[in-house]
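The values are calculated or read from the model by the stated rules, or taken from the named source; none is laboratory data. Note that this is a predicted model, so its numbers are computed, not measured. Don't worry about glycine lacking a Cβ; one is built from the backbone with ideal geometry, like all the others, and counts go over all protein chains shown. SASA here: full protein model, heavy atoms, side chains in, ligands and nucleic acids out. Shrake-Rupley method; radii C 1.70, N 1.55, O 1.52, S 1.80 Å.
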Amino acid sequence: RKPNSKAAKKRQPIAQTLPVTATAEEPEEGLKRDLLDDFMFSAADYIYRRRKLFISLAVALVAIAVAGYGTYSYIQYKINQRNEQLFAIEQVVQNKTGNADQRFDKAIPMLNEFIENYPDTSQQHLALFYRSRLYFDQNKYKEAESDLKGLLAMLEKESDLFVLASLYLSNVLVDQQKNDEAIDILENARTENMTDIILMALAEIYMDTLQADKAKQTLEILTRDYPNSLYAQRAKQLLSLL
């Protein structure tokens, strides 16, 4: 039986039906590689010819980095220097071996010089606070009031020192019979920071000025909102007297 000639023509060897794998590099990829090689060569040649410029830039960057570090080190040095000077003044202010007059006479000139030499610094703020306390201890209320008001104008309202300065200023004002102004200072200091202390100070002024209703209201806020405060127990005792 003769084979079907049409089927024989259609059937081809398997090798001829498989895809042919190209072994030669594609022209486009070769062109891309040549372009990349040319670019790298040109870049290297450009850098070499401009090497003095690039070296100068590198030196400049190093100089800037060194200068930045030097500036930072200098700033830290000055801060440490101010801290050391202020610490020496603190030792005089807190020295209990002498009497108040001796501490005042020795510390005030030191504080005056420090405050003048280091304006607009955190250390100056503390120095003003210390000086106001010395004035207050010497019954120099006008001077203490001036220092504390100046200090409050420099401070952020949320800071601890702002609250402490407000408390001291309220005491200075109360001792001058400026109760309404003292209340205004404390009300202005009522933020989320150390509020229980402010409330206690306000309640005591209200009680001293016979404003029982306001004192009771303030003490109730303290005991209700700040039950774990160090002043909660005292607030309860004062409430029992109203």
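Along Cα→Cβ, 7 Å out, is where each label goes; now give me the distance between the ones at Ile221 and Asn80 in nm to one decimal.
4.6 nm
How much accessible surface does Tyr206 have with a 1.4 Å probe, in Å² rounded to 10?
For Tyr206, the solvent-accessible surface is approximately 20 Å².
Any chance you could tell me what percent of the C-alpha pair distances in the range 181-242 go past 13 Å?
Counting every Cα pair in the range 181-242, those more than 13 Å apart make up 55 percent.
Taking the Cβ of Leu219 as the center, what net charge do the other residues with Cβ under 10 Å away carry, scoring Lys and Arg +1 and Asp and Glu -1?
Local charge sum for Leu219: +3.
Give me the percent of the accessible area of the range 130-214 that comes from carbon and sulfur atoms, probe 1.4 Å, all protein chains in place.
Taking all protein chains in place, the range 130-214 shows 45 percent carbon and sulfur surface.
Can you pull the one-decimal nm distance between simple spin-label points at Ala212 and Asn179, each 7 Å off the Cα toward Cβ?
Taking the two extended label points, one gets 1.4 nm.
Place the peptides 89-96, 106-113 in order of packing, highest mean first, counting for every residue the other Cβ atoms within 10 Å and averaging per peptide.
106-113, 89-96
Which value, in debye to the nearest 20, describes the size of the charge dipole of the range 115-242 about its Cα centre when Lys and Arg Cβ atoms bear +1, Asp and Glu Cβ atoms bear -1, and nothing else is charged?
Once rounded to the nearest 20, the dipole reads 320 debye.
Let me cross-check Ile205: its accessible surface, 1.4 Å probe, with only protein heavy atoms counted, in Å² to the nearest 10?
Surface open to solvent at Ile205 totals about 10 Å².
Over 23 Å apart: what share of the alpha carbon pairs of the range 117-242 falls there, rounded to a whole percent?
The calculated P(r) of the range 117-242 puts 34 percent of pairs beyond 23 Å.
For the cross-link pairs Lys106/Lys142; Lys149/Lys178; Lys149/Lys236; Lys178/Lys214; Lys140/Lys178, which exceed 24 Å when the distance is taken from alpha carbon to alpha carbon?
Among Lys106/Lys142; Lys149/Lys178; Lys149/Lys236; Lys178/Lys214; Lys140/Lys178, the Cα-Cα distance tops 24 Å for Lys149/Lys236.
Counting only heavy atoms of the protein chains, get the accessible area per residue of the range 147-242 (1.4 Å probe) and round it to a whole Å² value.
Computed with neighbouring chains in place, this is 55 Å² per residue.
Among residues other than Val163 whose Cβ falls under 14 Å from its Cβ, what is the net charge (Lys/Arg +1, Asp/Glu -1)?
-4
From largest accessible area down, sort Met194, Met200; use a 1.4 Å probe on the protein chains.
I get Met194, Met200, largest accessible area first.
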